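Just below is one structure, and these are the notes that go with it.
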Amino acid sequence: MHVLPDDDSWLAEERRAIGNRIRAERERQNLTQERLILAAGIDRVTIWRVETGEESKLSTLLRIARVLGVPLRDLVGE
């Protein structure tokens, strides 16, 4: 069993890492944010928040993973 750190700063670091992996995969596939937004049915603010690590709602991550054609675990790591 893992013990949580004393503060939640690790959450922000994990969200940023997820956002970086999403951006990298999107760019690897030569997809613009606009194309991802339209295909995933999310709005511009949401994709910006995900890619900058401000948001990581599971349903949004699942939509993005489906559109990118990658397993969710590849985006969230570990």
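Where a number appears in this text, it was derived from the coordinates with a stated rule and is not lab data. Source: prediction; values computed, not measured. Because the Cβ atoms are built from the backbone with ideal geometry, glycine has one as well, and the counts that use them run over all protein chains shown.
Of the listed values [x] 1.56; [y] 1.11; [z] 1.66, grab the one calculated as Cα Rg over 2.2 N^0.38 Å from the structure here. Label [y] holds the value from this structure. Loop-located trypsin sites (Lys or Arg not before Pro) in the chain (DSSP state not H, G, I, E or B) with no more than 13 neighbouring Cβ atoms inside 10 Å: Lys57.
Quick check on segment 17-59: take the gyration tensor over C-alpha atoms, sort the square-rooted eigenvalues as a ≥ b ≥ c, and tell me if it's rounded (a/c under 1.5), prolate or oblate. Note, shape of segment 17-59 comes out oblate. Between Gly19, Gly53, Gly41, which gets the highest mean-square fluctuation from a Gaussian network model of the chain, Cα cutoff 10 Å? With Cα springs under 10 Å in the chain, the top fluctuation among Gly19, Gly53, Gly41 is at Gly41. Annotation: amide H of Glu55 within the under-5 Å range of Val50, sequence separation 5 or more or interchain, hydrogens built in the peptide plane. Remark: segment 18-32, residue by residue, has Karplus-estimated 3J(HN,Hα) of 4, x, 5, 5, 5, 4, 4, 5, 4, 5, 4, 8, 6, 9, 7 Hz, where x stands for each Gly or Pro and the curve is 6.51 cos²θ - 1.76 cosθ + 1.60 at θ = phi - 60°.
Against the main long axis of the alpha-carbon atoms of the chain, helix 58-68 sits at an angle near 40°.
With K and R counted +1 and D and E -1, the other residues having a Cβ less than 13 Å from that of Ser9 yield a net charge of -3. Of Thr52, Thr32, Thr60, which has the largest mean-square fluctuation in a 10 Å C-alpha GNM of the chain? Ranking Thr52, Thr32, Thr60 by mean-square fluctuation puts Thr32 first.
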